[in-house]
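Asks: Got a structure here, written out as structure tokens. Questions coming.
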Amino acid sequence: MAKVEDLREAYSSLEHSYETRGEEAIDASCLLAFDYEYPQQECEIAIDSDEFTAVCPWTGLPDFGTLTVRYVPQGKLLELKSFKYYLLSYRQVGIVQEHAANRILRDLVAVCQPRRMALPLDYKTRGGLHTAVDITYHAAEV
């Protein structure tokens, strides 16, 4: 049976690294939107997934989170299958949690141009620390 001292030495000699990809691997080009047939009727759409994952840019270890997108469409609706593919493009991307939330919001706003959008991204606890990022967008009043 290994002793704590032996494990400590073995642990300190771990030089394991995981391949990470840069933010250029995020595929916003797959996002699709289609016409909202009732733009005069304001409604809020909520989409959530507990399968969001990216990796720490320094260690390559995975960060898992629950992502919720709430938006009020102006003229376009987000196509869900394309959104799933978009989220999958983050799987090996090394990105800090706060930047991931901002990037997702930016890409979604660009494709569907909503009246407003809120994006809470709630990460699983890692290393005893829990992170939740909430970001919002409001279209300019015309």
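Asks: Got a number for residues in the range 106-129 being closer than 23 Å to D63 by Cα, out of contact with any Phe, Trp or Tyr (no Cβ under 6 Å at 6 or more places or on another chain) and at pLDDT 95 or above?
Replies: Residues flagged as closer than 23 Å to D63 by Cα, out of contact with any Phe, Trp or Tyr (no Cβ under 6 Å at 6 or more places or on another chain) and at pLDDT 95 or above within the range 106-129 amount to 9.
Asks: Within the range 116-142, which residues are assigned to a strand (DSSP E or B), among the β-branched types (V, I, T) and surrounded by fewer than 17 Cβ atoms within 10 Å (Cβ to Cβ)?
Replies: The answer is I135, T136.
Asks: Can you tell me which of (1) more than 13 Å from T53 (Cα to Cα); (2) of a type in the set (A, V, I, L, M, F, W, C); (3) touching a strand residue (DSSP E or B) at 6+ places or on another chain (Cβ under 8 Å) is the one L67 doesn't meet?
Replies: Condition not satisfied by L67: (1).
Asks: Of everything in the range 14-41 that's farther than 21 Å from K84 by Cβ and polar (S, T, N, Q), which residue is surrounded by the fewest Cβ atoms within 10 Å (Cβ to Cβ)?
Replies: So the residue we want is Q40.
Asks: If P57 satisfies every condition in (1) surrounded by 17 or more Cβ atoms within 10 Å (Cβ to Cβ); (2) of a type outside the set (S, T, N, Q); (3) outside any strand (DSSP E or B) but one, which is the exception?
Replies: Going through the list (1) surrounded by 17 or more Cβ atoms within 10 Å (Cβ to Cβ); (2) of a type outside the set (S, T, N, Q); (3) outside any strand (DSSP E or B), P57 breaks only (1).
Asks: Taking the range 57-94 on its own, how many of its residues are in contact (Cβ under 8 Å) with a residue 60 or more places away in the chain and of a type in the set (A, V, I, L, M)?
Replies: Of the residues in that region, 2 qualify.
Asks: Filter the range 80-115 for residues that are under 19 Å from L32 (Cα atoms), of a type in the set (D, E, K, R) and not in a loop (DSSP other than H, G, I, E, B) and give the result.
Replies: Answer for the range 80-115, where residues must be under 19 Å from L32 (Cα atoms), of a type in the set (D, E, K, R) and not in a loop (DSSP other than H, G, I, E, B): K81, K84, R103, R106, D107.
Asks: For the range 80-98, check the following and say yes or no: at least one residue is surrounded by fewer than 16 Cβ atoms within 10 Å (Cβ to Cβ) and touching a Gly at 6+ places or on another chain (Cβ under 8 Å).
Replies: The answer is no, given that none of the residues of the range 80-98 is surrounded by fewer than 16 Cβ atoms within 10 Å (Cβ to Cβ) and touching a Gly at 6+ places or on another chain (Cβ under 8 Å).
The values are calculated or read from the model by the stated rules, or taken from the named source; none is laboratory data. This one's a predicted model, so the numbers in the text were calculated from it and none came from an experiment. Positions of Cβ are backbone-derived with ideal geometry, glycine not excepted, and every protein chain shown enters the neighbour counts.
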